[in-house]
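Quick note: the coordinates plus some simple rules give every number you see, no bench work behind them. Note that this is a predicted model, so its numbers are computed, not measured. When we count neighbours, we look across all protein chains shown, and the Cβ atoms used for this are built from the backbone with ideal geometry, even at glycine.
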Amino acid sequence: MTIESMFEKAARQKIRIPCEKGWLYVEDLFDLSLESLNNIYKILNAQLKSTKEDSLLDVKDASTSKLELQVDLIKYVASIKKAERAAKLEAAEKKRELEVLMTALADKKVDAIKNMSEEDIKKRIEQLQN
């Protein structure tokens, strides 16, 4: 099932997700933490496993289909949240590395100035003052 069809099906069926605070709309899932999503997933997955029976016939009742859709929605939102968390961590790491590099570059510039002769320093000061 595609993402679009999954969300369309959820909207058409007016799917709500049970949680400890009541019922959530599908869009509310994006406001939850990964830990909360995981807790809801565990509950729904346990319910799904208890409703499934071993059978030679592939007959699904409406409650099983609804539970499967709820589980799929939770899994999708959790995957988005994980990707966002990973991107945020990567951005923070890049920012830290950039700060280190900028500091190193500033140190190199200071070292270069310190290694200049007195005459070169005076010339540079004069250039900057004009």
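Here are the numbers for the structure shown:
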read-out	value
Residue of Lys82, Lys114, Lys49 that the Gaussian network model of the chain assigns the largest fluctuation, springs spanning Cα pairs under 10 Å	Lys114
Helix axis angle, 3-12 relative to the chain longest principal axis, alpha carbon, degrees	50
Candidates Gln70, Gln47, Gln13, ranked by Gaussian network fluctuation over the chain, Cα under 10 Å, top entry	Gln13
Cβ-based net charge around Lys75, under 13 Å, with every Lys or Arg adding one and every Asp or Glu removing one	+1
Computed log₁₀ I(q)/I(0) - Debye formula, equal Cα scatterers, no solvent, the stretch 3-129, q 0.10, 0.16, 0.22 Å⁻¹	-0.53, -0.89, -1.24
Angle between the chain longest axis and helix 34-51 axis [Cα atoms, degrees, rounded to 10]	20
Subset of Lys9/Lys52; Lys14/Lys42; Lys14/Lys66; Lys21/Lys88; Lys9/Lys75 violating a 18 Å alpha-carbon distance limit	Lys9/Lys52; Lys14/Lys42; Lys21/Lys88
Value of relative contact order over the chain, rounded to a whole percent, pairs C-alpha under 8 Å and six or more apart	23
